[in-house]
Amino acid sequence: QLQLVESGGGFVQAGGSLRLSCAASGSIRGLSGMGWYRQVPGKERDFVAWITVGGRINYNGSVKGRFTIFRDDAKNTGYLQMNNLIPEDTAVYYCNVYAAGVEFWGQGTQVTVSS
């Protein structure tokens, strides 16, 4: 069973930066892609960014130009570099991996941006 462990969340002032990491335990067979979602209390989980195994990338329009998704396959780790953070980015961020027809989620990491 693939396990995802996220890290890198925290508290930052508006305009600041954070880098989230998503480390996958073991090898990932049949990887299609990995990405990030976020959720605030009382709302649905929203798409943030996605990178396919071939390197194609998509972003939510609200983060495009400020966030960068990338991965290090040698380390089985995905990343989300978040720059120019704004209070509206405050949420719990979840890592997601789709592999061999199965979806895996991390436990989430809190990001709080103060104004």
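The values are calculated or read from the model by the stated rules, or taken from the named source; none is laboratory data. As the structure is a computational prediction, the values presented were derived from the model and not from experiment. Reconstructed Cβ throughout: ideal geometry from the backbone, glycine too, with neighbour counts over all protein chains shown. Areas reflect the complete protein model, heavy atoms only, side chains present, ligands, DNA and RNA absent. Shrake-Rupley method; radii C 1.70, N 1.55, O 1.52, S 1.80 Å.
What the Cβ-Cβ distance of residue 3 and residue 43 gives, at R0 = 30 Å and to the nearest 0.05, is a FRET efficiency of 0.70.
Rounded to the nearest 20 debye, the dipole size of the stretch 1-114 about its Cα centre is 160 debye, using +1 on the Cβ of Lys and Arg and -1 on the Cβ of Asp and Glu.
Grouping the Cα pair distances of the stretch 1-111 into 10 Å bins from zero gives a pair-distance distribution of 15, 51, 29, 5 percent in increasing distance order.
Write down the accessible area per residue of the chain in Å², having rolled a 1.4 Å probe over the full set of protein chains. Present the calculation step by step, with values, prior to reporting the outcome.
Values: 6160 Å² over 115 residues.
On a per-residue basis, the chain sits at 54 Å².
Carbon-plus-sulfur accessible fraction, the stretch 3-66 (probe radius 1.4 Å, protein heavy atoms only): 49%.
Against the empirical 2.2 N^0.38 Å (N residues), the stretch 48-98 has a Cα radius of gyration ratio of 1.16. If you plug the beta carbon distance of residue 52 and residue 115 into 1/(1 + (r/R0)^6) with R0 = 25 Å, you get a FRET efficiency near 0.10. Length gained on full extension, residue 103 to residue 14, computed as 0.36 nm times the residue gap minus the Cα-Cα distance: 28.8 nm.
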